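Trainee: This is the structure I have questions about; it appears just below.
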Amino acid sequence: MTAPLPLRLWHDHHDLKRLQRLLTEEHPHINGLLEVARKAATPKLDEALVPEPDRHGHYKVKENFAIGCAVVHLLTGDASFAHKALAAGLHIFKVINRSDLGLSDNLHHLAVIQQCCAEAWSEAERRSVVDALERGVGQLHRIGEGNPHNVGNNWWSVTHGGALIGALAIHGRAGSDGVVRDMGRTIDWAAGRLEAFCKHYGDAGIYHEGLGYQRYASGSLLAALIGLRRATGRDILAQHPNLRLMPVSLAAASCLCEVEGDSNSERGFGAMLSWNDSGEGLGGGMVDSIGLAIAPEQYRGALRTLFDRFHGHRSPEPDYAPGFAGLYHALIHYPYDHEPAEPEGLLPRSLCDSRQGLWVARDRYGDGDEAVLGAYARSTHVGGHSQDDAGSVRLMALGRQWVRGGGQARPDAAFQTVMYPTPPEPPTRRSQRGLVIWDQRGRRTAQFAMDLRAASNCYHERYLACRWADQEAPLILAMLDVVDEHREGVIWHWNHTFGTSMRCDLRQDRQGYTLTAEDGSTMVVHLFGHTPDRLAVESMPESRRTFSGGHEVTYLGRPFVSARFDPRKLVHMLMVATVQPAGMPAPTIRLRETGLAITAGAVTWNDPFGAAVPPTFRLGASRNLCLRPDGAAT
């Protein structure tokens, strides 16, 4: 491949004219985005460019300044912003970033600046950009400090994505020496590496390092693959159609509510279910933007509505997802041809990714008070940010995180809302695997089950069921753990992590507790089966992480309920919980222990786990359902 590539990797002159026309028509998305871009581009150059290097020797620019300038120029034609963007882009390349992640982000930024502004520059200025990009791409051919260079790790996607974007922006253009660059070999190398990364997404488009790192790693991947397709015609996305479901799956696990963050770095609005070393904020990155361009056509109007509510002109905190050059991608990839549509009735309410063993179900798409339930079998995990969270459960409802995990830098099982043993030789994190053994989803109820024998080193299955709130009863959550322990002296723990601002009141009989949120909404938990020998509220320690750029973040500890079972052969733990808004009394819960019928007030829920648990199953007596699928006690 030696022919020069077109200048535009993500947009062309036809797209630009259309955007400018929509701007004159006061399109709300473009008007709002331009306002945010203008604000980011307001500082003078001497205010935006940090004159001294940081402690790593890197030169910094005020956040979102460079891309804000590029977007303002693109939409208005004001050349002064094109030159401010150029100065900012070259400033960060005064010294090549020692972190491969930071360097890849810099390459992406400078390529976007070039795509937006090159026609306003002199030939010498255009060549200086080629020189800077070439130095950065060349550095990525050598593995930098801290780079695990593992195809199962998010670094692989980010670094090869940055290399591909940089190479595409250089190819066919001359540097300051007048020589036209041929980057064909590098383009083929980086594209091949990214194609390998695509093979690690599951059938629902889910990635194994958790939804937070999926949002991070997939941004560079999608930006690079779309640029490759426009520039060369090579369509890796077409070879991996499951990736098109990624934005739909991420939407299913998200909620239009405030984030109860563990640090000041988390975004305040827009929450998601969280696993694998991640917070619960959406992060404001570009996956939500680029996802609008790759999702199946029938979902784009609904995803457009969600973008507007999470990030855009209908959000209480409109920022247009600016992270990682996101302002530009939110402008370019927005589905202007698709009318906004209500997500409810169009987007799937549930998903189960067979590769990752991640399951999500929700009662509806609303405005922040809907219920979103998730479970993670952890069927595959081959990357970093690994936690002991096989079998873990998460629940958002009424705008609150009622069931959570450990969050950032707290990987231990005690923090993950799982049931786990403490034998003399605990399983290693690499053996922490589970398997999906049941998946049933309807409009009023949902059921899911996991085989956790590999994680627990003995027979252990966890069954999950939910009856969505209606006029008759509030949300009812049921979770059954069945453990048949063959080892001696093993203590079992059943833990439930909850919202930091919630109050927890334990029952003295150790058979339940009540969580109360600040607004008065409650989760009333009943514990059936074997009574724990100890029930207490504990708190995780603070944790700290130092990111590749060198900045350190401290994360507050989260509270959790800890139930302990002294050594015994059989352990049955059935949690039945109701979640109700402030002012609504919790219904009385009664249980039929043979066949497991749950009565909540005037509502009786027969066979809450469906056919997965037989009607002859006796809580506290039946042995494992693998050897005794009829549920008979032995």
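Trainee: Identify, please: which residue in the stretch 316-325 is open to solvent by 10 Å² or more (accessible area, probe 1.4 Å) and within 19 Å of the chain's Cα centre (by Cα) and is, among those, nearest to Val112 (Cα to Cα)?
Mentor: Phe324
Trainee: Give me a count of the residues in the stretch 17-57 that are of a type in the set (Val, Ile, Thr), closer than 15 Å to Ile67 by Cβ and in a loop (DSSP other than H, G, I, E, B).
Mentor: Of the residues in that region, 1 qualify.
Trainee: Take the residues in the stretch 133-143 that are surrounded by fewer than 22 Cβ atoms within 10 Å (Cβ to Cβ) and assigned to a helix (DSSP H, G or I); name whichever of them is nearest to the chain's Cα centre (by Cα).
Mentor: The selected residue is Gln139.
Trainee: Inspect the stretch 422-433 for any residue being open to solvent by less than 10 Å² (accessible area, probe 1.4 Å) and touching a residue at least 40 places away in the same chain (Cβ under 8 Å) and give the result as yes or no.
Mentor: No; the residues of the stretch 422-433 include none that is open to solvent by less than 10 Å² (accessible area, probe 1.4 Å) and touching a residue at least 40 places away in the same chain (Cβ under 8 Å).
Trainee: Right, next: Among the helices (runs of 4 or more DSSP H) confined wholly to the stretch 197-314, which include 3 or more residues that are more than 14 Å from His333 (Cβ to Cβ) and out of contact with any Leu (no Cβ under 6 Å at 6 or more places or on another chain)?
Mentor: 210-232, 300-310
Trainee: Right, something else. Between residues in the stretch 515-535 that are in contact (Cβ under 8 Å) with a residue 24 or more places away in the chain and closer than 24 Å to Arg623 by Cα and residues that are part of a loop (DSSP other than H, G, I, E, B) and of a type in the set (S, T, N, Q), which pairs lie under 6 Å by C-beta distance while being six or more apart or on different chains?
Mentor: Final answer for the pair search is Leu527/Gln511.
Trainee: Can you find a residue in the stretch 326-348 that is farther than 25 Å from Val360 by Cα, open to solvent by 10 Å² or more (accessible area, probe 1.4 Å) and touching an Asp or Glu at 6+ places or on another chain (Cβ under 6 Å)?
Mentor: Checking the stretch 326-348: not a single residue is farther than 25 Å from Val360 by Cα, open to solvent by 10 Å² or more (accessible area, probe 1.4 Å) and touching an Asp or Glu at 6+ places or on another chain (Cβ under 6 Å).
Trainee: Just checking, how many residues over the stretch 571-598 are hydroxyl-bearing (Ser, Thr, Tyr) and crowded, with 17+ Cβ neighbours inside 10 Å?
Mentor: Residues that pass the stated criteria total 1.
Trainee: Considering (1) among the acidic types (Asp, Glu); (2) under 21 Å from Glu280 (Cβ atoms); (3) open to solvent by 10 Å² or more (accessible area, probe 1.4 Å), say which one Asp353 fails and leave the rest.
Mentor: Among (1) among the acidic types (Asp, Glu); (2) under 21 Å from Glu280 (Cβ atoms); (3) open to solvent by 10 Å² or more (accessible area, probe 1.4 Å), Asp353 violates only (3).
The rows are residues; the columns are (1) out of contact with any strand residue (DSSP E or B) (no Cβ under 7 Å at 6 or more places or on another chain); (2) surrounded by 16 or more Cβ atoms within 10 Å (Cβ to Cβ); (3) of a type in the set (Val, Ile, Thr); (4) without any contact (Cβ under 8 Å) to a residue 40 or more places away in the chain.
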{"residue": "Leu435", "(1), (2), (3), (4)": "no, yes, no, no"}
{"residue": "Thr445", "(1), (2), (3), (4)": "no, yes, yes, no"}
{"residue": "Ala455", "(1), (2), (3), (4)": "yes, yes, no, no"}
{"residue": "Arg462", "(1), (2), (3), (4)": "no, yes, no, no"}
{"residue": "Ala469", "(1), (2), (3), (4)": "no, yes, no, no"}
{"residue": "Ala478", "(1), (2), (3), (4)": "no, yes, no, no"}
{"residue": "Cys504", "(1), (2), (3), (4)": "no, yes, no, no"}
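Trainee: Checking the condition open to solvent by less than 30 Å² (accessible area, probe 1.4 Å) and either within 22 Å of Leu90 (Cα to Cα) or in contact (Cβ under 8 Å) with a residue 12 or more places away in the chain (or both), which residue from Gly146, Gly161 passes?
Mentor: Of Gly146, Gly161, the one residue that is open to solvent by less than 30 Å² (accessible area, probe 1.4 Å) and either within 22 Å of Leu90 (Cα to Cα) or in contact (Cβ under 8 Å) with a residue 12 or more places away in the chain (or both) is Gly161.
Trainee: I'm trying to understand the selection: among the residues of the stretch 185-229, which are of a type in the set (Asp, Glu) and either closer than 19 Å to Trp10 by Cα or open to solvent by 10 Å² or more (accessible area, probe 1.4 Å) (or both)?
Mentor: Asp188, Glu195, Asp203
Trainee: If Asp607 passes every condition in (1) surrounded by fewer than 15 Cβ atoms within 10 Å (Cβ to Cβ); (2) modelled with pLDDT of 90 or more but one, which one does it miss?
Mentor: Going through the list (1) surrounded by fewer than 15 Cβ atoms within 10 Å (Cβ to Cβ); (2) modelled with pLDDT of 90 or more, Asp607 breaks only (1).
The values are calculated or read from the model by the stated rules, or taken from the named source; none is laboratory data. Since we're looking at a predicted model, the values are computed, not measured. In this analysis, Cβ positions are derived from the backbone assuming ideal geometry, glycine residues included, and neighbour counts consider all displayed protein chains. Calculation scope for accessible area: heavy atoms of the full protein, side chains included, ligands and nucleic acids excluded. Shrake-Rupley method; radii C 1.70, N 1.55, O 1.52, S 1.80 Å.
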